[in-house]
Amino acid sequence: MKILMVLTSHDKLGDTGKKTGFWLEEFAAPYYVFKDAGAQVTVASPHGGQPPLDPKSDDPSAQTDATRRFKDDHAAQAVLASTHKLQDVSAADFDAVFYPGGHGPLWDLAEDSHSIALIETTLAAGKPVAAVCHAPGVLRHVKSPDGKPLVQGKSVTGFTNTEEAAVELTKVVPFLVEDMLKENGGNYSKAGDWQPYVVTDGRLITGQNPASSAPAAEALLKMLG
């Protein structure tokens with residue numbers, strides 16, 4: 001199994017002067033789900049190299065078994081430090097694509113033509129795509145073969161408006177994931193805030209929040225059989 005993980009390269013949290021990036025748990029937990037299942041994992045980002053880590057995801061309060069394992073895993077840190085440039089990877093080389101969240105993707109990956117094409121090509125080839133937390137935002141401009149929004153009529157989830165309000169970034173983000181999915185015609189559903197929740201529709205897998213990252217990765221593995 002060859003799985004591509006796509007991370008953000010964006011590190012500015014709007015005009016707040018604060019940093020953002022990818023959320024550590026949402027990378028680490030799926031990474032180990034895949035590695036422990038014997039998958040070959042490749043990591044890419046728009047700029048390549050070391051992607052920016054959301055400093056809040058490095059707080060002691062945000063640590064999990066997966067993030068602690070990552071902190072002790074020099075091989076995994078080396079993989080993360082040398083991500084491929086997104087424009088240099090081909091959907092044809094992978095069996096599936098997984099997008100971890102963090103707020104960063106709302107600024108770069110949601111608008112990135114290479115990311116949009118990667119998702120469209122992967123799904124058109126009958127291969128699964130998974131996105132968790134803020135990463136369903138990367139589906140914003142993705143189209144189905146008929147030219148309609150990919151999520152139109154599909155069952156999806158993603159970071160909720162109430163979760164965004166809880167972290168006090170409703171007015172900072174370029175768009176709200178829940179609102180965007182609904183506006184694009186998605187059949188959006190959610191569990192309680194911060195509860196694990198994963199939705200699968202065809203080859204598309206979406207997870208609601210950080211707690212959903214490992215379950216979303218497991219759903220992807222199950223699909224790869």
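The values are calculated or read from the model by the stated rules, or taken from the named source; none is laboratory data. Being a predicted model, the structure only gives us computed values, none of them experimental. Positions of Cβ are generated from backbone atoms using ideal geometry, with glycine treated the same way; all protein chains shown enter the neighbour counts. These accessible areas exclude ligands, DNA and RNA; they are computed on the full protein's heavy atoms, side chains included. Shrake-Rupley method; radii C 1.70, N 1.55, O 1.52, S 1.80 Å.
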* Asked: Which lysines, on any chain, are close to LYS222 with Cα under 19 Å apart, when same-chain ones fewer than 8 places away are left out?
  -> LYS2, LYS35, LYS127
* **Part-to-part distance (alpha-carbon centres) for the range 28-83 and the range 92-138, which is given in Å** => 17 Å
* Cβ-defined net charge surrounding GLU111, 15 Å radius [Lys, Arg +1; Asp, Glu -1] -> 0
* Structure fact -> Summing +1 per Lys or Arg and -1 per Asp or Glu among the other residues with Cβ less than 15 Å from SER155's Cβ gives +2
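Would you calculate, for the chain, the mean residue ellipticity at 222 nm contributed by helices, counting each DSSP H stretch of 4 or more residues as -39,500 (n - 2.57) and dividing by all residues, to the nearest 500? Present the calculation step by step, with values, prior to reporting the outcome.
Numbers: 8 runs with 69 residues, N = 225.
Roughly -8500 deg cm²/dmol at 222 nm, from the helical runs in the chain.
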* Read-out volume of the Cα convex hull per residue in Å³, derived from the coordinates shown; its label in [x] 206; [y] 107; [z] 238 -> [y]
* Accessible area in square angstrom per residue, the chain, 1.4 angstrom probe -> 42 Å²
* Tell me which residues come under 5 Å, amide H to amide H, from TYR197 once H is placed; ignore anything under 5 positions away on its chain. => GLN208, ASN209, SER212
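Here is the link list: LYS143/LYS182; LYS12/LYS148; LYS18/LYS56; LYS18/LYS182. Which ones come out longer than 19 Å on Cα distance?
Working: LYS143/LYS182 15 Å; LYS12/LYS148 31 Å; LYS18/LYS56 10 Å; LYS18/LYS182 29 Å.
Violating the 19 Å limit, Cα to Cα: LYS12/LYS148; LYS18/LYS182.
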* With a ≥ b ≥ c taken as the square roots of the eigenvalues of the C-alpha gyration tensor of the range 20-81, please select rounded if a/c is under 1.5 and otherwise prolate if a/b is larger than b/c or oblate if it is not? => oblate
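Rank-order 151-158, 83-90, 8-15 by packing density, defined as the average count of other C-beta atoms within 10 Å over each peptide's residues, highest first.
Numbers: 151-158: 21.8, 83-90: 15.9, 8-15: 19.8.
Put in order of decreasing packing, that is 151-158, 8-15, 83-90.
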* Compare the peptides 49-58, 210-219, 110-119, 188-197 by average per-residue count of other Cβ atoms within 10 angstrom and give them in order, highest first. => 210-219, 110-119, 49-58, 188-197
* **Residue-count net charge about PHE34 - beta-carbon cut-off 11 Å; Lys, Arg +1, Asp, Glu -1** => -1
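For the chain, which whole percent of the accessible surface, found with a 1.4 angstrom probe, sits on carbon and sulfur atoms? Numbers along the way, then the final one.
Values: 4670 of 9430 Å².
That fraction is 49 percent.
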